[in-house]
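The values are calculated or read from the model by the stated rules, or taken from the named source; none is laboratory data. Fair warning: this is a prediction, and the values are worked out from it, not measured in the lab. Methodologically, a virtual Cβ is constructed for each residue, glycine included, from the backbone with ideal geometry; neighbour enumeration extends over all protein chains shown. SASA here: full protein model, heavy atoms, side chains in, ligands and nucleic acids out. Shrake-Rupley method; radii C 1.70, N 1.55, O 1.52, S 1.80 Å.
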Amino acid sequence: MEQYFEKMKEYLNMETEISFAEFRDYYNAFIEHLKGTYESLDQDQSIQALFVIYNLESNCEYRAKRKDSEAKKYKKMQASLNIWSAAMRLRLNKQGLSEKEISERLDAVMTAV
């Protein structure tokens, strides 16, 4: 999870926007990683995953509003990320974190970036 978390932080600090191809490749690799590791993520890794999910989801929402050939693709990615977001929050709840604690930890990560 660390590599996706660090790469997202790098993306967030960039001056320019990445291409659709790079976005899609990052998204696909992240989702595949999440599918394979979801059950074994600890709280910190789950918070990192949620951070990546929220940033991808937000970016998809923004890019989907454009009237270009990729808009539909971004909408599909956003829908998938919405499901992953809910699943990750549920996982964190099962790991003993309340919604307030999840939000606080996520805010701390976002502020640190």
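The figures follow:
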quantity	calculated
The stretch 14-55: number of residues that are touching a residue at least 12 places away in the same chain (Cβ under 8 Å), within 18 Å of ASP107 (Cα to Cα) and open to solvent by 80 Å² or more (accessible area, probe 1.4 Å)	0
Hey, TYR4 within 25 Å of SER103 (Cα to Cα), assigned to a helix (DSSP H, G or I) and in contact with a Phe, Trp or Tyr (Cβ under 9 Å, 6 or more places away or on another chain) or not	yes
Residue pairs meeting the criteria (Cβ under 9 Å; at least 6 apart or on separate chains; first more than 16 Å from GLU22 (Cβ to Cβ), in the stretch 58-71; second assigned to a loop (DSSP other than H, G, I, E, B) and open to solvent by 80 Å² or more (accessible area, probe 1.4 Å))	ALA71/LYS65
